[in-house]
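What follows draws every value from the coordinates through simple rules; no lab data is involved. Here the structure is a predicted model, which means the values were calculated and not measured. FYI the Cβ positions are ideal-geometry reconstructions off the backbone, even for glycines, and counts take in every protein chain you see.
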Amino acid sequence: MEAGRDLDALIAEKVMGFIAYKVQLVAPPPRVRTIDELQRVGSPLPHYSTDIAAAWEVVEKADLWSLYGSIGDGPYRACIQFEDREGLMTADTAPLAICLAALKAKGGDA
């Protein structure tokens, strides 16, 4: 799975426990503006798979974790554990490795 908004939405739902939904803002007729970005409980969905600060929120939910990688360019290997399930994944970026490992540990497709 690639980094991006679809993965961010899966992480929000499966790992963080949020409900993601699409929002459509309707301005005075005839103008309709659509917000494509998935939202959660009235605030923008974090970029878990591309932003290390957001990915760290995922790490903080874990029972046990480790992250390995070289300084600068990847690959990065993340191991995330929730209760008795563990996910070990490798990716080009640390946020992506964290998200894929967390999703795998939660029993999702990574």
Checklist entry - So, by mean Cβ neighbours within 10 angstrom, what's the order for 80-88, 6-14, 97-105, 59-67 with the highest one leading? => result 97-105, 6-14, 80-88, 59-67
Checklist entry - Hey, rough spin-label estimate for MET1 and TRP56, points 7 angstrom out along Cα→Cβ, what's it come to in nanometres? => result 2.3
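Add +1 for every Lys or Arg and -1 for every Asp or Glu among the other residues with Cβ under 13 Å from the Cβ of LEU88, and state the total.
Numbers: positive: ARG77, ARG85, LYS104; negative: GLU86.
Net of charged neighbours comes to +2.
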Checklist entry - Which whole-Hz ³J(HN,Hα) couplings does the stretch 100-107 yield from phi under the Karplus relation 6.51 cos²θ - 1.76 cosθ + 1.60, θ = phi - 60°, glycine and proline marked x? => result 5, 5, 5, 5, 5, 5, 7, x
Checklist outcome for this item: Straight-line reach check, LYS106, cutoff 18 Å on alpha carbons, 8 or more apart in-chain or any other chain, hits among aspartates and glutamates -> GLU2, ASP6, ASP8, GLU13, GLU57, GLU60, ASP63, GLU83, ASP84, GLU86
